[in-house]
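Asker: Okay, here's the structure, questions in a sec.
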Amino acid sequence: MKKIHSMGKYHLLQRNLRIIDTILLGLILSVLPIFFGSTSVQGTVAPSSHEASSQQGGWEQLPSGVTQDLHSVSFICLNRGSVAGSDGVILRTGDGGGTWAAQNSGVTENLYDIFYYDYSITLAVGASGTILLTNNSGINWTVIQTGMMGTYFNGQMITDLIGVAVGENAIFQPFFTRTDDGWATWESTSFYIEHESVMYEGRLSDVFFLNDSIGFATAIVDMPAGGAIVRTMDGGSSWETVYFGNEELFGIDFTWGGIGYAVGDHGVILQTFDSGGTWTSVDSGVTDALHAIDFPSETKGTAVGDNGIIVRTENNGLSWTEQTSGTTQDLLAVRLISEQIGFATGRYGVILRTTSGGYPDDSFPPVTNCTLIGTLEGPFYISNVTVTLSATDNISGVGSTTYKLDDGLWDTYTEPFVVSGDGNHIVRYYSIDNAGNAEEEKTCEFMIQHPPPIQITITGGFGIHVRIKNLGSVDLMNESWNLSLTGGIILLGKQTSGFADIQAGNEFFIRPIVFGLGKTKVVLTFTSLIKSVEGKVFLFFVRI
C-alpha cells in the first residue's frame, strides 16, 4: 500500500516533479550522490552495483537483497525512493531503483507504509503502533512510537506539519491518528463503521486526504466480512460511511479533478466522479485481490494484486488492460512516478520496475479496420450507413482511435456512428497504441443515394400510361427506368427502357404502345423503386 501525495502545497510539488519526470523520460536514469547510515538490518544488503535485468512484458524484477514481504514503495522524484516491509526492513535507492541499500530502522516490527513529504521528511508506520521519522533522508530514524496494542497500515503527510496514520486498535476498531506539529505531538481516535444504523468493527487499510480537512479511508469490515469507504470533513474528528459493500477494500487514490478510485478483494475497483460522494463499480477484468492503486495523471493509472496481477487504464478507468508482471508473487504496493516510470513491491522481497508504463517494448502501430453496414444496391447504398472502426494491437494495446468524416473536424472514436446524407463520403482514420506508435492514416469511401421520394401511377387505355412525379425538393437527373409486361401474348411493347430528368415538383410520362392478347403483369422499375399492376390486353387496348 502507498500514499505519499496530497492536495495543497504537496500536490503542487508533486505536479511539478511529474512535469520534470516527463521531460526526463528519454534520458538514462542518472545516479545521484547519496550517503547512507548504518545498514545493520534484517535481510541481505543489495550489491553496490547492478546490471539491470532484461525487461519482460514491460516490467523488470530488481534485486532487493531481502526476502521479507515489502508492503510499501514511495518515490519523491525520479531517482529517490524507499521501500518498507516486514521485520522493520527499510530499503532506499538514489539511482531510480538500480541499487537498493538497507537502512537501520531501529525496530523489528512489520512496517506497512512509508511516505515522504518534501525531500528530507520520511515517515514509516506499522505494527505495534510503530511510527518512525527521519528528516535526513534515512541516515537516522527516530522511533516516535512503538509497543502499542494496535497496527498502522497506512499514513500520509498532508503538509510539512500535518500528518495522519490509519489502522486498527487493540479491540478491532478503526483507528486514526493525526499530528499538526510534525509529530512532536499527536492525537488518536477510534470509531465504528456505521451502516444502516449498525456499528461494525474493522480496520482502516489506506488513507487519502484531499486537504487538511477532507479525507477518505478504505476499510476492511470484520463482521460481516466486507469493505467500506469512510469520509471525514473535519480533519478526522468524525467519520461517515460513504460506501459499504461485500468485498474488503485495501487501497485508495484520487486524481486532480476529484476523481477517485478504491481497490479490493476479487478484482474490485470502485470509482467516484464527485469527490467521493458516491462510488460505483467498474470492471477490472480480473478476479484476484487488488491491494494498491496509483494514478500519476488524470487518465492513466495502475493497480496491483495477488499472483502478480497488474492492470492498467489509459482512459479514466473506463477500461482496464492486464499486464505481464513476470512474477506470481502477491504484489502489495505500486507507485507511478510518471505515466511511464513506476515501481511495484510484494512478497518475498519482490521489487518491479517499468519504464514503459508497464507495456513491453512495442515499435509496431495498431491496425484499424473500417466496417460499413447498410443496404447496398449496386455501387451505392440506398440507406443510412453505420460506420464501425475496430482497432487491434497485440503488444501494448490500443490507446485511441481518431477519425473525421468528409470535411469535418478530427474526433476521438468511441462508438459506431451513422452517415445519412446522400452523396460521396470519405472517412479518414488512424489509431495510436499505448506505447505511442501511430498508424498511418487510412480512408474508407462510399456513396449514399436514398431512393427518391416519387409517386408512380400506372393506368391503361390505348396502350400503357405511366406517370412519375418527383415529390422531393431535389431534381432527379438521368434516372433509369424500365417497363416490362409479362404473361399473355405481347407482340409489341413487351419491354422498353430509358432515362428521365424530373425537376422537383414536376412529372414525367411514359406512354408505350402495346399490342397483344391476354392477362399480363405490368412492372415499372424506376431507379431502385418497383411498381407493378395486373392488366388485360386486347389488341391495342389495355385495361388495368
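Rule-based calculations on the coordinates, nothing more; no lab input. Bear in mind that the values here come from a model prediction, so they are computed numbers and not experimental data. A quick note on method: Cβ atoms are made from the backbone with ideal geometry, for glycine too, and the neighbour counts reach across all protein chains shown.
Asker: At 0.36 nm per residue, minus the direct Cα-Cα distance, what do THR443 and THR459 gain on full extension? Give it in nm, one decimal, please. Walk me through the intermediate numbers first.
Answerer: Values: separation 16, 0.36 × 16 = 5.76 nm, distance 4.81 nm.
Stretched fully, the THR443-THR459 segment lengthens by 0.9 nm.
Asker: Using modelled amide H (1.01 Å from N, peptide plane; none on Pro or chain starts), what sits under 5 Å from the amide H of SER205, excluding residues fewer than 5 places away?
Answerer: The answer is THR218, ALA219, ILE220.
Asker: How much net charge surrounds ASP69 when only other residues with a Cβ under 11 Å from its Cβ are counted (Lys, Arg +1; Asp, Glu -1)? Each step should come with its number before you reach the end.
Answerer: On the way: positive: ARG347; negative: ASP87, ASP330.
Here the count lands on -1.
Asker: Want the number for GLU507 to PHE172: 0.36 nm per residue separation, take away the alpha-carbon distance, what's left?
Answerer: Numbers: separation 335, 0.36 × 335 = 120.60 nm, distance 8.88 nm.
Result for the pair: 111.7 nm of gain on full extension.
Asker: Quick check on the exposure proxy: order ILE513, ILE502, ILE464 from fewest to most C-beta atoms within 10 angstrom.
Answerer: Values: ILE513 12, ILE502 19, ILE464 25.
Fewest-to-most ranking of ILE513, ILE502, ILE464: ILE513, ILE502, ILE464.
Asker: Collect residues whose amide H, placed 1.01 Å from N in the peptide plane, falls under 5 Å from the amide H of ILE454; neighbours closer than 5 in sequence don't count.
Answerer: LEU471
Asker: Moving on. Spelling out what I want: for every residue of segment 502-507, take phi, set θ = phi - 60°, compute 6.51 cos²θ - 1.76 cosθ + 1.60 (Karplus), and round to whole Hz; glycine and proline get x.
Answerer: 10, 6, 4, x, 9, 10
Asker: How do the peptides 331-343, 347-359, 230-242 rank, highest first, by the average count of neighbouring beta carbon atoms within 10 Å per residue? Walk me through the intermediate numbers first.
Answerer: Values: 331-343: 25.3, 347-359: 22.8, 230-242: 16.8.
So the order, starting with the most tightly packed, is 331-343, 347-359, 230-242.
Asker: Could you please report the charge total around ASN394, scoring K, R as +1 and D, E as -1 over all other residues with beta-carbon less than 11 angstrom from its beta-carbon?
Answerer: Working: positive: none; negative: ASP362, ASP393, ASP433.
Combined, the nearby Lys, Arg, Asp and Glu give -3.
Asker: Take the Cβ-Cβ distance between THR392 and THR527 as r, set R0 to 41 Å, and report the resulting FRET efficiency rounded to the nearest 0.05. Mind dumping the intermediate values first?
Answerer: Details: r = 39 Å, r/R0 = 0.96.
Efficiency computed from Cβ-Cβ geometry: 0.55.
Asker: Calculate one ³J(HN,Hα) per residue across segment 229-245 by plugging θ = phi - 60° into the Karplus curve 6.51 cos²θ - 1.76 cosθ + 1.60, and present them in order as whole Hz with x for glycine and proline.
Answerer: Result, rounded to whole Hz: 10, 10, 10, 10, 10, 10, x, x, 5, 9, 9, 10, 7, 10, 8, 9, x.
Asker: Which net charge results for the neighbourhood of GLY421, defined as the other residues with beta-carbon distances under 13 angstrom from its beta-carbon, given Lys and Arg at +1 and Asp and Glu at -1? If you can, show how the numbers build up before the last one.
Answerer: Values: positive: none; negative: ASP406, ASP407, ASP422.
For residues surrounding GLY421, the net value is -3.
Asker: Can you pull the one-decimal nm distance between simple spin-label points at TYR119 and ASP475, each 7 Å off the Cα toward Cβ?
Answerer: Roughly 7.8 nm, to one decimal.
Asker: Label-point separation (nm) for LEU492 and THR414, each offset 7 Å from Cα along Cα-to-Cβ?
Answerer: Using points 7 Å along Cα→Cβ, the separation is 6.8 nm.
Asker: A further question on this structure: Taking only Cα atoms, what is the 0 to 90° angle, nearest 10, from helix 9-23's long axis to the longest principal axis of the chain?
Answerer: On a 0 to 90 degree scale, this one is about 60.
Asker: With the cut-off at 23 Å, report for segment 367-448 the share of all Cα pairs above it, as a whole percent.
Answerer: Value for segment 367-448 (Cα pairs over 23 Å): 24 percent.
Asker: Using a 10 Å cut-off around each Cβ, can you sort GLU201, GLU441, GLU415 from fewest to most neighbouring Cβ atoms? Before the final figure, lay out each step's value.
Answerer: Working: GLU201 16, GLU441 12, GLU415 6.
Fewest to most other Cβ atoms nearby, the residues stand as GLU415, GLU441, GLU201.
Asker: Where the centroid of each part is defined by its Cα atoms, how far is segment 109-185 from segment 484-524 in Å?
Answerer: Using only Cα atoms to place each centre, the spacing works out to 95 Å.
Asker: Can you give me the distance in nm between label points at VAL282 and LEU318, each placed 7 Å from the Cα along the Cα-to-Cβ direction?
Answerer: With each label placed 7 Å out from Cα toward Cβ, I get 1.0 nm.
Asker: Next question, about the same structure. Please list, in order along segment 281-290, the HN-Hα scalar couplings obtained from phi with the Karplus expression 6.51 cos²θ - 1.76 cosθ + 1.60 (θ = phi - 60°), rounded to whole Hz, x for Gly and Pro.
Answerer: In residue order, the calculated couplings are 7, 10, 7, 7, x, 10, 10, 6, 4, 9 Hz.
Asker: Let me check the size of the chain from its C-alpha atoms; what are the radius of gyration and Dmax in Å?
Answerer: Rg and Dmax of the chain, Cα atoms, are 35.5, 119 Å.
Asker: While we're here: In a Debye calculation with equal point scatterers on the alpha-carbon sites of segment 269-408 and no solvent, what is log10 I(q)/I(0) at q = 0.13, 0.16, 0.19, 0.21 Å⁻¹?
Answerer: Calculated log10 I(q)/I(0) at the listed q: -0.68, -0.89, -1.12, -1.28.
Asker: Just the ratio, please: alpha-carbon radius of gyration of segment 454-543 over 2.2 N^0.38 Å, N its number of residues.
Answerer: With N residues counted in segment 454-543, Rg over 2.2 N^0.38 Å equals 1.09.
Asker: Cysteines of the chain lacking any other cysteine beta carbon under 4.7 Å?
Answerer: That list is CYS77.
Asker: Another question about this same structure. Of VAL523, VAL387, how do they rank once you tally other Cβ atoms within 10 Å and put the fewest first? Walk me through the numbers before you get to the answer.
Answerer: On the way: VAL523 16, VAL387 21.
In order of increasing Cβ crowding within 10 Å: VAL523, VAL387.
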